[in-house]
Amino acid sequence: MSKKKLYIQDVTLRDGMHAIGHQYDKHKLKSIAVGLDQAGVDAIEIAHGDGLSGGSFNYGFGAHTDWDWLEGIAEELNHAILTTLLLPGIGTIEDLKKAQALGVRSVRIATHSTEADVSKQHIEAAKKLGMDVGGFLMMAHMNEPKKLAEQAQLMESYGADCVYVTDSAGALMMDGVADRMKAFRDTLSDNTEIGIHCHHNLSLGVANTIVAMQNGANRLDASLAGMGAGAGNCPLEVLIAVLNRMGEHTNAAVNQLMDLADDVIRPLQKRPVRVDRETLSLGYAGVYSSFLLHSERAAKKYGLNTADILQELGKRKMVGGQEDMIVDVALDMVKQKSSSLK
Amino acid sequence: MKRKAAIIGSGNIGTDLMIKIIRNSSVLKVGCLVGIDPNSDGLARAKRMGVEICSEGIDGLIQMDIWKEITVIFDATSAKAHLYNLEKIKPFSDKKIVDLTPAAVGPYMIPAVNFDAELCNKLGLVKAVDSESVLNMVTCGGQATIPIVAAVNRIAHVHYGEIVASIASKSAGPGTRANIDEFTETTSEAIQKIGGADQGKAIIILNPAEPSLVMRDTVFTLSETADRETIRESIHAMVAEVQKYVPGYTLHQEVQFDDIPADKPVFIEGLGHKHGLKTTVLLQVIGAGHYLPEYAGNLDIMTSAALAVGEKMIG
C-alpha cells in the first residue's frame, strides 16, 4: 500500500450550514472561502447542508440558493478545489450540471450506509462531467465493516475516486473507525482513495479522524471551530495542529485557521456548536446530527425534551433525511403524555 | 366476461399488480405477465398461479396468440423501457396503456384528483395509440401525496408543495434504485400539474430498518392564508376518497398548521420570499400485503391506483 498525500477538505460552508439553519450570507460565505483558500486547505465544500437543492420545509430553506452561494467562488480560489455535495433523492443530475457550470470540480454523492446503489446514475454523471467524485456512505455506524466495504465497492465500481466512512451521527468509537478503514483497504482497489468524515458528538472527532488516517484514509474532512451539524465536525484548526505535531505534512497553516475559527466562525454560532446534553444524545443514540435544530424546535413547540425526542428517533431507526419524522415523533409523544395523565 | 390485461415488467410492481388483478378485479383478468428474465421471481410466481408468461419482453408478447385478446396493457418496467414498449404497441390501435413508470410521456393520472369519465371515454375513442392516450401514474410518492396538495389547493391557492416519501429499502427494486432522479423530477412536476401548486419539490428516502418500516409520506404546503378548519376538512375528505381504492391509506397525525408571517418569510428557490399558511400532513400507507408484506405501501398505492384506472378505461 502506497501512502497517499493527505487531502484536507473543509466543510464549514456545507455541514456548517446545519449549525445556523443554512443562513450564511453569501458575501460572508465568500470571504470565508477566500480565507480558507489562503490558509491552505485542499478543498472547500459549499452547498445547503443537505446538499444541492436541499432547501425545503423538511430541511430548512437557505438564505440563498446553492447557485447564489457558489457563484463567483471558483474564480477567487488560488489553491483549493471547489466541491459540493449531492444526496440522490434530494438533488438531481441537473443540479450537478448547474454546479459544474459554476466551477465546481469535485462532488460527494451521499447515500445511507446500506443504499449505495442509488448513487450509480449520479456518480456516473459526475464522472462524465469530468469531476472528481467521492462516494459518501452516511450513518456508517449502522452498517458493519465488511458490509460497509461492499457498499464502498459498489461506489468504486460506478467510478468513485474516493469513498468515505461518514459518521453522520458521531456515534463511532475509535475501534469502529479502524475496523471500517481496514475493511475498505482490504476490499477497494489501491487506486481508490479513502476518506473520513466525523462528527464530534462523543468528543471523538479529532481522535477518529487520526485513527482513520493511521488506517489508510488520506482525505480528511474538518471544519473551522467544528462548524457543523450536532456537536460539529472534526475541528479543522485542531486537526492541523495535531497533524503538525505528528509530523504529517499538509498545506494548511494552523495560525490562520485558528484566527478564522475564533474571529469569524464562532461569532456566527447562535446556538453554540459543542458537546452538550442535546448533541451528546445524538452520538449516544446514534441519530443523524442534522436532526438537532429541528428537534429543538419541535421540543419547544410541543413542550417536550429535545433529548427525549432524539432518543426516540434513534429507537425508531430513522435515517438521514427523515426530518419530517421529528414532528411525527413529537406528536406521538404528546399523545402518550396526555393519555398517561388521564 | 372479464377482459384480458397484459402486465409488462415482472418486478415488484408488475407482480403485485398481477396478484391484485387476480384477487380483486371483477372486470379484468391477467392474460400475460411479461418479463425479460426467465428466472425472475415474478415470472415464477405467475407460473405457479397459472398465469401465462412471456420472458422476451414486449417483442415476445406481440408474437403470442394471446396478444390479440389483450385490451389493457400495464407497463411496469422503467421510464426508458416504456419508450421502447410504446413504439412497439403504437401500431395496435385497439390497446389501451396505463404507464406505471415515471416516463411521464402521457398525461398524469391521480385517480382521486383528476380521473373523470370523460377523459377516459375520450381515450377510448382515440384511434391510434399515441402518447396522449397513455395515462401515466406518476410515482408511488406522487399517488400518496398529490391528492393532499390538491385538497389544500381547492381551498387556498398553493404556492409551493413539497413531499417526502420514505419507503422500506426492501420495497425499492433495482429499477427504482437506478432511476431516483426520475422519481424526484416526475413527482415535482405532477405536484404542479395535478396538485395545482405553483412550484413542487419531491424528496425520497430509503430506510433499511429491520423489521421494515411502513411507507410514510409527508406533505408540506405553503398556501394563501385561509380558514384552517376548512382546509382540514378538505384534507380529511380527500383521504377518504383515496381510501376507496387504497384501504391502507391514513392520516397518521392530525393536520398541523403554522403561520409564516410576512415579516418572517421563507426563501423558496424560483419563487423568492413567500409567506402564508404552512400545512403539514403526515400520512401512512399500509400495503395490502399482496406481493411484498404490508410495509410496502408504495407498491400498493401504485398498483391499486393503476388498477382503478385500467378498470375505468374499459368500463
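The values are calculated or read from the model by the stated rules, or taken from the named source; none is laboratory data. Here the structure is a predicted model, which is why all the values come from computation and not from measurement. Cβ coordinates were reconstructed from backbone atoms using ideal geometry, including for glycine residues, and neighbour counts include every protein chain displayed.
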Item to complete: Check whether at least one residue in the range A:88-104 is within 14 Å of another protein chain (Cβ to nearest Cβ), assigned to a strand (DSSP E or B) and either hydrophobic (A, V, I, L, M, F, W, C) or touching a Phe, Trp or Tyr at 6+ places or on another chain (Cβ under 9 Å) (or both), and report yes or no.
Response: no
Discussion item. Being surrounded by fewer than 24 Cβ atoms within 10 Å (Cβ to Cβ) and either of a type in the set (Asp, Glu) or closer than 20 Å to A:THR92 by Cα (or both) is the requirement here; does B:ASP181 meet it?
Written reply: yes
Worksheet item: Given the conditions (1) crowded, with 21+ Cβ neighbours inside 10 Å; (2) in contact with an Asp or Glu (Cβ under 8 Å, 6 or more places away or on another chain); (3) in the same structural domain as A:ASN58 (by TED's automatic domain parsing), and given that A:GLU237 satisfies all but one, which numbered condition is not satisfied?
Response: (2)
Practice prompt. Need at least 3 residues that are under 11 Å from the mean Cα position of the chain (by Cα) and modelled with pLDDT of 95 or more per element, so show me which helices (runs of 4 or more DSSP H) inside the range B:91-164 make the cut, counting only ones lying wholly within it.
Written response: B:140-153
Discussion item. For the range A:239-264, which positions are more than 28 Å from A:ASN191 (Cβ to Cβ) and touching a strand residue (DSSP E or B) at 6+ places or on another chain (Cβ under 8 Å)?
Written reply: A:ALA261
Worksheet item: Is it the case that some residue within the range A:265-281 is part of a loop (DSSP other than H, G, I, E, B), within 12 Å of another protein chain (Cβ to nearest Cβ) and not hydroxyl-bearing (Ser, Thr, Tyr)?
Response: no
Worksheet item: If A:PHE57 passes every condition in (1) more than 18 Å from the chain's Cα centre (by Cα); (2) surrounded by fewer than 20 Cβ atoms within 10 Å (Cβ to Cβ); (3) under 25 Å from B:LYS264 (Cα atoms) but one, which one does it miss?
Response: (2)
Discussion item. Show the residue pairs meeting these rules: Cβ distance below 7 Å; 6+ apart or different chains; first residue within the range B:169-195 and within 13 Å of another protein chain (Cβ to nearest Cβ) and under 16 Å from B:VAL219 (Cα atoms); second residue part of a helix (DSSP H, G or I) and among the hydrophobic types (A, V, I, L, M, F, W, C).
Written reply: B:ILE191/B:ILE146; B:ILE191/B:VAL149
Worksheet entry | Evaluation of A:ALA252 against (1) modelled with pLDDT of 95 or more; (2) in a loop (DSSP other than H, G, I, E, B); (3) assigned by TED's automatic domain parsing to the domain that holds A:HIS18; (4) over 22 Å from the mean Cα position of the chain (by Cα) (one fails), failing number | (4)
Fill in: Tally of residues being of a type in the set (S, T, N, Q) and either in contact with a Phe, Trp or Tyr (Cβ under 7 Å, 6 or more places away or on another chain) or at the interface with chain A (Cβ under 9 Å from one of its Cβ atoms) (or both) across the range B:247-262
2
Worksheet item: Is it the case that the range B:207-227 has a residue that's without any contact (Cβ under 8 Å) to a residue 24 or more places away in the chain, within 29 Å of B:SER10 (Cα to Cα) and within 13 Å of chain A (Cβ to nearest Cβ)?
Response: yes
Discussion item. Checking the condition touching an Asp or Glu at 6+ places or on another chain (Cβ under 6 Å), more than 19 Å from A:LEU236 (Cα to Cα) and hydrophobic (A, V, I, L, M, F, W, C), which residue from A:PHE61, A:PHE57 passes?
Written reply: A:PHE57
Worksheet entry | Entirely in the range A:1-81, the helices (runs of 4 or more DSSP H) that have 2 or more residues that are more than 27 Å from B:ILE204 (Cβ to Cβ) | A:26-38
